[in-house]
Every structure is written in structure tokens, then in C-alpha cells.
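Here is the structure we will look at, set down as C-alpha cells.
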Amino acid sequence: MEPVADQDWFLRKHEDGSLFGPLPFEQLSLWAAAAQIAPHDKVSHDQQNWLKAPILPELKMDWLVEVTSERYYGPTTLGAIREFLRLGEINQDTFLINSCDGSRRQIKDFPGLHPLPNEQRNAGTREEESGEGSPATSTMSINLRDRINDLEQSLSEERRALRECEERYRELEARYNELLGGAEVVSSP
């Protein structure tokens with residue numbers, strides 16, 4: 001099989017189904033590093049077999065961003081994380097998790113991980129040569145309605161669990177009183 005770097009590639013965006021390519025792997029890698037390839041986007045070298053972009057190890061989409069204690073974004077690249085920092089979507093206190101080894105560290109613990117200037121971010125792209133343009137930068141922004149729905153579902157589950165606990169408590173209390181009442185009857189003359 002031909003090496004990944006020597007093949008032409010296609011990118012299909014998950015959000016709108018737009019297709020980019022054929023393009024050299026180097027371009028695909030630059031887009032991944034610039035947050036232009038999201039975790040649900042798919043790549044293919046033959047347009048027959050599509051893979052989610054993070055599955056292709058050569059793209060180095062190895063990092064999960066801990067957006068909240070219950071929400072993660074990724075896997076994505078360190079370059080994309082630089083872009084999210086530049087956009088102000090995350091900060092130096094945000095935790096990153098390496099999906100390969102499970103390690104978890106704050107961004108401030110990564111030496112040299114800082115936003116790239118705009119002119120460097122787009123350097124080396126072949127947009128002009130291919131005439132196809134490039135995909136828009138992905139964002140980590142969480143749809144507020146989705147977050148509200150998640151919280152409402154969690155609240156509903158917690159309320160259900162509380163009702164079950166209260167019901168079980170009443171059952172145990174009734175059983176206790178029954179046993180206590182029975183014990184008093186036995187000890188009566």
C-alpha cells in the first residue's frame with residue numbers, strides 16, 4: 001500500500017457535507033493543525049472508504065480538550081488547540097488529555113503551546129493552486145440548547161434517583177417499625 005503522505009486525499013465536512021480534494025496529505029495535515037478539520041469530519045484517499053479524521057494517526061489528532069468536567073472536544077491536534085486559544089475559546093488553565101496514553105495536563109504545562117499569528121496559521125496552504133478554497137476553522141463552541149438539554153436530562157435522572165431512594169427509605173422505615181412493633185408485642189406479658 002502506498003504511504004499516507006504520498007496519496008492524494010479528500011475531506012468531507014460533517015456539518016454540511018462539503019467536499020475538498022483531491023489534495024496532498026501535507027495540506028490535509030496543515031488543515032488539521034489549523035482547526036479546519038473537526039473530530040467528526042471524514043477523510044478518504046479513494047472516495048469509497050471514509051474514515052473519521054482522528055483515526056488517521058498521521059494527522060496527530062491525539063488530544064481531547066476538557067471543556068467542562070462533563071464535556072470534551074476532540075480528538076484534535078495541538079495546532080488546533082493553539083487556534084482555540086487564539087480565538088479565546090479556552091485558556092491556559094484548560095486541561096488536555098492525550099488520547100494515546102491518557103495523561104491529563106493543563107495547557108500552561110505545555111511549553112511553547114501558544115496561539116500562532118494569523119499569517120503563520122495560513123502559511124503554506126495551497127488554496128490558490130487548487131482553486132478550491134479551504135474549510136472554515138472549526139470551533140469548540142457548545143450549542144447552548146444542547147447543553148441545557150443535557151443539564152435538564154441530568155436533573156431529571158437525579159430527581160428519579162431521589163424518588164427511588166425516598167421510596168426505598170419509606171419501605172425500610174415501614175419494615176423497621178413492623179419489626180419494632182413485633183418485638184414489643186413479644187415482650188409484653
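Brief remarks follow.
- Screening the candidates GLU2, GLU83 for the property of being surrounded by fewer than 17 Cβ atoms within 10 Å (Cβ to Cβ), at negative phi and either assigned to a helix (DSSP H, G or I) or more than 18 Å from the chain's Cα centre (by Cα) (or both) yields one hit, GLU2.
- Residues that are in a loop (DSSP other than H, G, I, E, B), over 14 Å from the mean Cα position of the chain (by Cα) and not small (Gly, Ala, Ser) within the stretch 88-113 comprise ASN91, GLN92, ASP93, CYS100, ASP101, PHE110, PRO111, LEU113, listed in sequence order.
- Any chance GLU178 is surrounded by 10 or more Cβ atoms within 10 Å (Cβ to Cβ), over 32 Å from the mean Cα position of the chain (by Cα) and at pLDDT 75 or above: yes
- Residue within the stretch 9-16 that is among the aliphatic types (A, V, I, L, M), in the same structural domain as CYS100 (by TED's automatic domain parsing) and under 19 Å from ILE107 (Cβ atoms) present: no
- Residue under evaluation SER138, criteria (1) modelled with pLDDT under 85; (2) in a helix (DSSP H, G or I), criterion not met: (2)
- In the stretch 19-47, the residues that are part of a helix (DSSP H, G or I) and acidic (Asp, Glu): GLU26
- Inside the stretch 48-71, residues that are crowded, with 18+ Cβ neighbours inside 10 Å and assigned to a strand (DSSP E or B) make up a count of 4.
The values are calculated or read from the model by the stated rules, or taken from the named source; none is laboratory data. Note that the coordinates shown come from a computational prediction; the quantities given were computed from them, not determined experimentally. Neighbour counts are summed over all protein chains in view; Cβ atoms, including those assigned to glycine, are modelled from backbone coordinates with ideal geometry.
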